[in-house]
Structures are given as structure tokens and as C-alpha cells.
1. Give the residue that is farthest from LEU208 (Cα to Cα), with candidates limited to residues of the range 275-300 that are touching a residue at least 40 places away in the same chain (Cβ under 8 Å) and in a loop (DSSP other than H, G, I, E, B).
2. Quick check: is even one residue across the range 388-400 at positive phi, surrounded by 19 or more Cβ atoms within 10 Å (Cβ to Cβ) and not in a strand (DSSP E or B)?
3. Looking at the range 413-463, which of its residues are over 20 Å from THR254 (Cβ atoms) and aliphatic (A, V, I, L, M)?
4. Suppose we filter the range 199-213 for residues that are out of contact with any Cys (no Cβ under 9 Å at 6 or more places or on another chain) and either among the charged types (D, E, K, R) or under 23 Å from GLU239 (Cα atoms) (or both); how many remain?
5. Which of (1) closer than 27 Å to ALA450 by Cβ; (2) surrounded by fewer than 16 Cβ atoms within 10 Å (Cβ to Cβ); (3) among the basic types (Lys, Arg) does ARG419 not meet, given it meets every other one?
6. Just name the residue that is modelled with the lowest pLDDT out of those in the range 470-514 that are under 21 Å from ILE283 (Cβ atoms) and aliphatic (A, V, I, L, M).
Amino acid sequence: MQVVPDMLSNGVTRYSDRVCVAEGGRSHTFAETSARASQLASALRVHGLNPGDRVALLAMNELEYTEIQVACQRAQLTLVPFNFRLAVPELRYLMGDAQPAALIHGPGFEGVASELDCKQTIHLGPEGCGDSYEAFLESAPVSLAQTRTQAPSSLEPSAPAVILYTSGTTGRPKGAVLSNLALWARMTSFAVDVGMGSDSTFLQCLPLFHIASNLGYGFTFAAGTNVFVKAFSPEAVFEHLEVSRPTHVLMVPTMINMVLNHPDVASSDWSCVQQVIYGASSIAPDVLRQAIDVMGCGFLQMYGMTETGAALILRPEDHDPVGHPEWLAAAGTDAINMATIIVDDQDHEVGPGTVGEIVTRGPCVMSSYWQNEEASNEALRNGWMHTGDAGYRSDDGYVFVTDRIKDMIVSGGENIYPREVEDVLFAHEAVLEAAVIGVPDDRWGERVHAVVVFHPGSEIPEQDLLEYCREHLAGYKVPRSVETAPELPKNATGKVLKTELRTPHWHDRQRGIN
């Protein structure tokens, strides 16, 4: 019978007393994490949950996150992490879609949890809605002492391990179902591509309801230590550089930009860090060059989505500002376990240099969208996951993402990819952040519009910025208008919410593009 290993198996067997997870001064060893996971699995079953049931988790990056994921897999339940930044109506939609049999919530979410009205509610921390998590553990028919000596069991490959809801920036969130096999494939792919080991310490700066959790589980599978940052700030990163001495740090480009522009970055000590791992959105090459220079460590970019995990990797040796500066704008080459091609609108593969849709396949890809057969069939047609991203493959094999297909601006019949314009804006010394969208134009259909955040005290006239763009872009790509903003709207993973930027311009139109 085919099985996949439990993510704690390596750590428990070989490094039982080594720290598995740490957060806020608390920590659990691999033995403790495994014992608590088994006890929670037993308690959930005793309290009436059956194989196939879902367990919702509404919490920040709490110490218990890993054991809850493992417990659900061991009990043949499916974990459904919720985005804690969503409003109650949005969370009610997820509750109605996933129909969880139990809800576990973290500190600070007791009011929200009470409004979600789940039949079985459990709270982490000393106070909350429903039963105490620690008391719930103790209700299991087996003790921690008994479970501590149990070896992790193997898992059924096809059983759903987790449902990760998409960020929902372009519509209602969809639940990507990851099987035990898909989650294991992601962990092993990460372990090989990143070079994880038992001596690794991973600083997790992203929220764990995101696929960033999968990367952390890769470190767990390799018997490394996960250090969770509950609320990201540059100050928190600098503190952990001194206290936790991480070997690997995960940040999205907006976080990297915040760190680089913090006054304490010049005195921060990055000597412990082997790699800064980044992804979730594109990074301007100029920002990346600065990060490489300031942090002085390896950089590794992961390109993918909730449904795929990392499909492409831009590895440390690819970050070569001198020898191959063009690679800094690339998404990379195929990740271990994955195959990626570029196709036209008929799903036929196109040659190097031709822009098309990026599609990918491999064991890391989701099984389906939860209870959404139509969307699943559309996304997974012909055996490939269709990313919705436009891009091309260069002659030397690197994939470049030009933009989301639906974000492409069509002005006077010309296709304009916002990423290209944004990279130019980012390169201006006065610009901190930039987002480019298409807005309606009676003559051209759409025109290029830029939303810019300037560095404090560095604001320049719109015409000066446009003149700079004209020096670096074809005329039809230059923004026709610029607006300034104190900040750009982002979701919890740092992606700019271009839908919110477009809405004021398209609210009285029947379509969001022309």
C-alpha cells in the first residue's frame, strides 16, 4: 500500500529533543509537538469528528499551528486555515463553504469566533470562545506521556490534508484542496531546492494561513526549527537576527522593501542568514539589487500560487547582478517535482520569447477546488494547472512573468504589461512603491495609470516622473496619469490589491476593462 510519511517522522525519530517550533518565548521540541498532535487527534475523534470532517483555524502565527495541522492529518481530518484579516461576513462565507465541524481560534478572536457560531469551538490561550484548548487536549483518552512514546504513523496519500482558500483579490475565494501527497511533495521539493537540514532555523514572517506554511512544514520535515513571527515589522526581523539567528528568512517583496528603508538596516547583522526566500508578488530588480548588497546572503525566489506551491525557482546562483542582470527579473526555472510550459489561448505550447499563459503540473498541484467542479475543470484542463499569469520563456530557459493575464492593459490595440512599467517606476530614487493599472479612456479604450508612494520627503512633480518614464519606456507604455497615495492597499500576504485601485475608475462601467 502506498503511503506518505508524517511531517514529524524525521524529527521525532532522530532529533526528538530539538526545538521544532518557537514563538514569543515559548517553544516545543519535536517529541512534544508530536505528542500534543496525537493527543489532539484523539480528542477531536472522541468529541465526534469523523474522517473527512473539516477543522477551521482562525489564529495568528501561534505556537500550536504545526501540531494542529499534524493532528488533523493523523485523525484523517482536513484543516481549513482562515485569513484572520477578513471581515466577519467574509469569514461567514468561508464557514458556509467549508462547513467545518470544529473551529479553533487564537487569542483576540473570541468575538469573531462567537459570531461564526460553530457547533464545536475551542480557544487557544487563557480566554476565548468555547472550550480551552489545553483542557480539550486533556479530555483525550490517552495522556501526553503515552503519546510521547508513539512513533508517527504514515498517511493515506489521497486524503485531503488542508484546504487553503485563495486570496480572493479577483472574486470569491476558492478552497484549494491539498492531499497528503501534494503537501508531502511540496515539503520534499522545498527541502531539496532550499537545502534544508536539521541545522536550519527558519524565520517565518508570513501568516500561516498562506502557502508560506507549506514552506515552514518543509523545514519541519527536514528536522529544522521554525520560528514564527506573529506580526511582521522590520524591528521584529532585526530582533530575531540577534536572538534566533535564523539561517533562512521568508519575506514578500513589500517586507523586503520595508526592511531596506528602515534606519536600523545599516547596523543589522545578517551574518547568520544563508538565504532570504521571497515570493508572492514581483520584486523590482533595483530593489532586489539593493537587498543583495545590503544583506549579503543568498536569495531564492519562489514563483507559484496557492494551487501549485512553488512551480518555478530563481536560485541563489541565478541572482547575479553583474554577470546576468536580466535574470533578476525572472521567475526562474522549474522547481523539483514540477514542469512548467507557456501556452497560447488554445493551450498549445509556444516557443521561446512568445508571451502566453504559464501552466504547470506535478505532484504538488491541488486535487481540486473544494466543491467547485466547474472551476476545477477549467483551472486543471488538459492536465495542467492554468495560473492566469502571462509570461514567456527565454532562450536560456528562464521564465519571465509579464503580468496577470486579466491585468494586461490594452490601449489603442497595444498590449501593455503593468509589471514592465512598475519596474521603471521602482527604479526612480524617489519612489517607494508603485502600482500600474488600466483606466477607461474614450479614445484608446484604456490608458496607463500609475499609483505611486514616494519616500518621505522625496515627492517630485508628476511631469518629472513621467519624463523619467519616457526615457525608459516606449511612448505608448508611459503612464498618462499619476496619483500619489500614502500607501498601497494590500492583502495579508503583501499582494497589492489592484481591484481596489481600479474600482473608483470603473465603478460606473459594466466591465472592469475595455
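1. Applying the first criterion (touching a residue at least 40 places away in the same chain (Cβ under 8 Å)) to the range 275-300 yields 275, 277, 280-282, 284-288, 300.
Next, only the ones that are in a loop (DSSP other than H, G, I, E, B) stay: 280-282, 284.
On the way: ALA280: 14, SER281: 17, SER282: 20, ALA284: 25 Å.
For the range 275-300, the residue satisfying everything is ALA284.
2. no
3. ILE416, VAL439, VAL448, ILE460
4. 10
5. (2)
6. Filtering the range 470-514 for residues that are under 21 Å from ILE283 (Cβ atoms) and aliphatic (A, V, I, L, M), the one modelled with the lowest pLDDT comes out as ALA492.
Quick grid of which residues meet (1) free of Cβ contacts under 8 Å to residues at least 24 places away in the same chain; (2) crowded, with 17+ Cβ neighbours inside 10 Å:
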| site | (1), (2) |
| --- | --- |
| GLY304 | no, yes |
| GLU317 | yes, no |
| PRO321 | no, no |
| PRO325 | no, no |
| LEU328 | no, yes |
| ALA331 | no, yes |
| ASN337 | no, yes |
| ASP344 | yes, no |
| HIS348 | yes, no |
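Residues checked against (1) hydrophobic (A, V, I, L, M, F, W, C); (2) modelled with pLDDT of 95 or more; (3) over 27 Å from the mean Cα position of the chain (by Cα):
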| position | (1), (2), (3) |
| --- | --- |
| ALA43 | yes, yes, yes |
| ASP53 | no, yes, no |
| LEU77 | yes, yes, no |
| MET95 | yes, yes, no |
| GLU115 | no, yes, yes |
| ALA135 | yes, yes, yes |
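The values are calculated or read from the model by the stated rules, or taken from the named source; none is laboratory data. Just so it is clear, the model here is predicted, and its values are computed rather than measured. A quick note on method: Cβ atoms are made from the backbone with ideal geometry, for glycine too, and the neighbour counts reach across all protein chains shown.
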